[in-house]
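Here is the structure we will look at.
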Amino acid sequence: MSIRVRYAPSPTGFLHIGNARTALFNYLFAKRYDGTFIIRIEDTDLARNVEEGIESQLKYLKWLGIDWDESIDIDGGFGPYQQIERLEIYAHYASELEKQGLLYKAYCSKETIETLKAEGASREAIRQACQTAPSEDAPYALRFKVPHGVEYRFQDMVKGTIQFSSDEVEDWVAIKQNGIPTYNFACAIDDYLMQISHVLRGEDHITNTPKQLMVYDAFGWPYPTYAHMTLIVNGEGKKLSKRDGSILQFIEQYAELGYLPEALFNFIGLLGFSPAGEEEILSKEAFIEAFDATRLSTSPATFDPQKLTYINRRYIQTLNIEDLKALCLPHLKAHNIGTHESSEWIESLLAVFQERLEFGSQIVEHYHHFFDQPFVIEGEALEFMQSEDVRPVLEAFQRAVASLETFSPEHLKQAITDSGKEVEVKGKKLFMPLRIAVSAAMHGPELPKMMHLMGQALVLERLAQTLKLLN
Ligand code: GLU
């Protein structure tokens, strides 16, 4: 049997981390087993669709490196791939079921049903009441006549055996009064017609599954295999809510901040899936290789923003200077930083901070922190500077820097070494006074690169200032 899986977004907003995870696991599943990955747009809830919803979903899936084999832009012979263009198909299948007596015209509103239920009316009585037309041209929905006393049972790849009794499910709307199908009806029809072999989706859809199985049963179609992935929760174990402002949840937000798509792919791939080994930094190819639907986690996946930042930082550390520039330059430009500097200066800036950069736009913060903090030597640093050896080091280095014609990291490195030789100190006794004298800090980026970034004038100014302080 060929593997065909689908991601079925409703274009009700931007690409959310939870949806991205569903897409990603379907993608991995398809790639791992040489299957087909389909994106089907479920846009039948007209009121909830947003403009650009579809474009934005597809754009950020592509950005993440998740591409598809069939969708609205690639016809694989199972289209249309957008439900609003399939209304005739649903109408056809609905009329089949109506003929069989499995769908019936229902004129009553939700409220009427609630009232009848509250009055203790039986399922059959409610059904009867609903089928009475209040007037000749009254609109109606088509409701599914849920059979009595049937057990729906399926083997979920994540959850194991799941069972529902039909008596737990009320007659449900298959086609709304406006002629448009509900999610459950359209989804079942499409999963069958598109020959979907495995349905991987969030566990919030488990309770929808019996309704979809009813449609399969009504037509005598074989069920696909289901895999319902656990929820994504926050640090407190609560389901991630789109309204929770404390965690960024949309892929677009991460892209804008200068996160790398490979890092996000890696992070999302670990949300509810653990590869066999210990290693957590995995490429897309490694994920495809390692993917095993039976290793999908059965407990909720915790969204840990710090882990995401850690992973992103690891990826940034491996970037070559060109890619690092591509990531950071737009953010520097947007803040008018370095616009008149040489590309060598830009490269120094990036090299100095690459090691601890968590995401691209953070370079702006590092820049300001570096250049705008007040220069005050105090506390432990000041204490360190009281040693007798300090002054000769600073003076030797001051002379060396003043005479430098080329102010490059390499020349600075040489100047540091030369000054050390001249006054016969090395190691910490050489580097620490210089570091404190120009930055007031005892830790920081590599000295020559850092000084290059500061520029000759500022380095000399600070050396003079520090020497004055030591007088
Ligand atoms: N359109 C549904 C959603 O966005 C898809 C559910 C499914 O995968 O069946 O949640």
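If you go through segment 169-190 and keep only what is under 27 Å from R123 (Cβ atoms), near the ligand (Cβ under 10 Å from one of its atoms) and of a type outside the set (F, W, Y), you end up with N184, A186, C187, A188.
Would it be correct to say that A255 is assigned to a helix (DSSP H, G or I), among the aliphatic types (A, V, I, L, M), open to solvent by 10 Å² or more (accessible area, probe 1.4 Å) and more than 16 Å from the ligand (Cβ to nearest atom)? Yes; evaluated as a whole, the condition is true for this residue. In this structure, does Y60 turn out to be open to solvent by 10 Å² or more (accessible area, probe 1.4 Å), at pLDDT 95 or above and among the hydroxyl-bearing types (S, T, Y)? In short, yes. Here L64 meets the list (1) within 16 Å of the ligand (Cβ to nearest atom); (2) touching a residue at least 12 places away in the same chain (Cβ under 8 Å); (3) farther than 19 Å from D204 by Cβ; (4) hydrophobic (A, V, I, L, M, F, W, C) almost entirely, failing just condition (1). The set of residues in segment 325-380 that are closer than 26 Å to E262 by Cα, outside any helix (DSSP H, G or I) and open to solvent by less than 70 Å² (accessible area, probe 1.4 Å) comprises L357, E358, F359, G360, S361.
Each row is one residue, and each column tells you yes or no for (1) open to solvent by 20 Å² or more (accessible area, probe 1.4 Å); (2) of a type in the set (A, V, I, L, M, F, W, C).
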residue: L64; (1), (2): no, yes
residue: D69; (1), (2): yes, no
residue: I72; (1), (2): yes, yes
residue: Q82; (1), (2): yes, no
residue: L87; (1), (2): yes, yes
residue: Y93; (1), (2): yes, no
residue: L97; (1), (2): no, yes
residue: G101; (1), (2): yes, no
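In the set Y33, Y7, only one residue is away from the ligand (no atom under 15 Å from the Cβ) and not β-branched (V, I, T); that residue is Y33. Being among the aromatic types (F, W, Y), at pLDDT 95 or above, surrounded by 21 or more Cβ atoms within 10 Å (Cβ to Cβ) and in contact with a His (Cβ under 9 Å, 6 or more places away or on another chain), is that true of even one residue in segment 225-238? Taking every residue of segment 225-238 in turn, at least one turns out to be among the aromatic types (F, W, Y), at pLDDT 95 or above, surrounded by 21 or more Cβ atoms within 10 Å (Cβ to Cβ) and in contact with a His (Cβ under 9 Å, 6 or more places away or on another chain). Applying the selection to segment 411-428, what residues are over 14 Å from R399 (Cβ atoms) and acidic (D, E)? Across segment 411-428, the qualifying residue is only E424. Restricting attention to segment 34-67, which residues are closer than 18 Å to I251 by Cα and part of a loop (DSSP other than H, G, I, E, B)? Answer for segment 34-67, where residues must be closer than 18 Å to I251 by Cα and part of a loop (DSSP other than H, G, I, E, B): V50, E51, E52, G65, I66, D67. Being more than 20 Å from Q354 (Cα to Cα), touching a Lys or Arg at 6+ places or on another chain (Cβ under 6 Å) and not charged (D, E, K, R): is that true of I268 here? When the stated conditions are applied, I268 passes them.
Selection within segment 211-222: residues that are away from the ligand (no atom under 13 Å from the Cβ) and either over 19 Å from K159 (Cβ atoms) or touching a Ser or Thr at 6+ places or on another chain (Cβ under 9 Å) (or both). The member of this set that is most open to solvent (accessible area, probe 1.4 Å) is P222.
Cβ-Cβ contacts under 6 Å between residues 6 or more apart (or on different chains), taken from a first residue in segment 1-30 that is over 11 Å from H198 (Cβ atoms) and among the small types (G, A, S) to a second residue that is within 9 Å of the ligand (Cβ to nearest atom) and modelled with pLDDT of 95 or more, are listed as A8/R40; A8/E42; S10/E42; A23/Y7.
From the list N49, N26, the one residue that fits, being more than 22 Å from F265 (Cβ to Cβ) and either open to solvent by 20 Å² or more (accessible area, probe 1.4 Å) or at pLDDT 95 or above (or both), is N49.
For L116, the requirement of being open to solvent by less than 50 Å² (accessible area, probe 1.4 Å) and within 20 Å of Y223 (Cα to Cα) is not met. Per the listing R313, R391, R399, the residue uniquely crowded, with 17+ Cβ neighbours inside 10 Å, charged (D, E, K, R) and at pLDDT 95 or above is R313.
Candidates are the residues of segment 191-209 that are touching a residue at least 60 places away in the same chain (Cβ under 8 Å) and near the ligand (Cβ under 9 Å from one of its atoms); the one that is surrounded by the fewest Cβ atoms within 10 Å (Cβ to Cβ) is G202.
A single member of V459, V425 is open to solvent by 20 Å² or more (accessible area, probe 1.4 Å) and either part of a loop (DSSP other than H, G, I, E, B) or touching a residue at least 24 places away in the same chain (Cβ under 8 Å) (or both), and it is V425. Tally up the residues in segment 239-252 that are open to solvent by less than 50 Å² (accessible area, probe 1.4 Å), out of contact with any Leu (no Cβ under 9 Å at 6 or more places or on another chain) and not polar (S, T, N, Q), please. Of the residues in segment 239-252, 1 are open to solvent by less than 50 Å² (accessible area, probe 1.4 Å), out of contact with any Leu (no Cβ under 9 Å at 6 or more places or on another chain) and not polar (S, T, N, Q).
The values are calculated or read from the model by the stated rules, or taken from the named source; none is laboratory data. Remember, predicted model here, so these are calculated numbers, not experimental data. In this analysis, Cβ positions are derived from the backbone assuming ideal geometry, glycine residues included, and neighbour counts consider all displayed protein chains. Heads up: the accessible areas ignore ligands, DNA and RNA and are worked out on the full protein's heavy atoms, side chains in. Shrake-Rupley method; radii C 1.70, N 1.55, O 1.52, S 1.80 Å.
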